[in-house]
Amino acid sequence: VIHLPEFIVGVIFGNLFLHSERLSAEWQSLNRNLGNRLRVSSLSYPPALAGFPFLTLTGLVCTALVLSTSRGRSEGLVIPAFCALLFGLASERTFLSRFLSTRLLILGGEISYSMYLLRTPLHRWTIAIPGLRDNAAVLYLYIPFALIPFSLASFFLIEKPGRRALRRLFAALQGRSH
């Protein structure tokens, strides 16, 4: 319940992004079909500023400012700033968006929920082994040698097949309703 506003804003911006992508594709298709005789375009930047990551930079600066200056009730102001950052990263081609789109980081994002779920139990099991409880190296080594491998296994053996099964189930249910 605490994170419901963040979830709702995320859904709204996700749908806005998907709609803007579809609209942009429609504009481009219309331009091609008209043979570029009539330029129909969406809001665009002047040619000198084309490709400049306005949303990404604005979102990044505003997010940093809000997080570094707000306390208490004003921390919620980070939500619109962070949405601008995410929307910019998704829609603008920047070094940061290309870096975040690498296969390794995408895989890291995919296993992040498993890491979140397994972090505490794996750490407790690890320090329950005699001789490891007081070993400082365990705090650092259990992540690459226990948490990441177990999270990968969880993702590929449970989450991914479960997601496919749910999609098939929802597709079958949707097929019955028509």
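Structure summary
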| quantity | calculated |
| --- | --- |
| Identity of the residue in segment 5-14, without any contact (Cβ under 8 Å) to a residue 24 or more places away in the chain and open to solvent by less than 90 Å² (accessible area, probe 1.4 Å), that ends up farthest from the chain's Cα centre (by Cα) | Ile8 |
| Search result, residues across segment 97-137 that are aliphatic (A, V, I, L, M) and more than 26 Å from Ile158 (Cβ to Cβ) | Leu132, Ala136, Ala137 |
| Filtered residues of segment 31-90 (kept if β-branched (Val, Ile, Thr) and at pLDDT 75 or above) | Thr56, Thr58, Val61, Thr63, Val66, Thr69, Val78, Ile79 |
| Subset of segment 92-106 (residues that are open to solvent by less than 50 Å² (accessible area, probe 1.4 Å) and either in a helix (DSSP H, G or I) or aliphatic (A, V, I, L, M) (or both)) | Ser97 |
| Subset of segment 92-115 that is free of Cβ contacts under 8 Å to residues at least 40 places away in the same chain and over 15 Å from the mean Cα position of the chain (by Cα) - its residue that is farthest from Leu55 (Cα to Cα) | Met115 |
| Filter result (surrounded by fewer than 18 Cβ atoms within 10 Å (Cβ to Cβ) and touching a residue at least 12 places away in the same chain (Cβ under 8 Å)) within segment 76-85 | Gly76, Ile79, Pro80 |
| Cross-chain or 6+ apart pairs with Cβ under 8 Å, segment 118-146 first and open to solvent by less than 60 Å² (accessible area, probe 1.4 Å), then not hydroxyl-bearing (Ser, Thr, Tyr) and not in a helix (DSSP H, G or I) | Thr126/Leu132; Ile127/Arg133; Val138/Leu132 |
| Tally, over segment 157-178, of residues that are farther than 25 Å from Gly109 by Cβ and open to solvent by 100 Å² or more (accessible area, probe 1.4 Å) | 3 |
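The values are calculated or read from the model by the stated rules, or taken from the named source; none is laboratory data. If you're wondering where the values come from, they're calculated on a predicted model, not measured in any experiment. Positions of Cβ are backbone-derived with ideal geometry, glycine not excepted, and every protein chain shown enters the neighbour counts. Accessible surface is based on the protein model in full, side chains and every heavy atom, while ligands, DNA and RNA are left aside. Shrake-Rupley method; radii C 1.70, N 1.55, O 1.52, S 1.80 Å.
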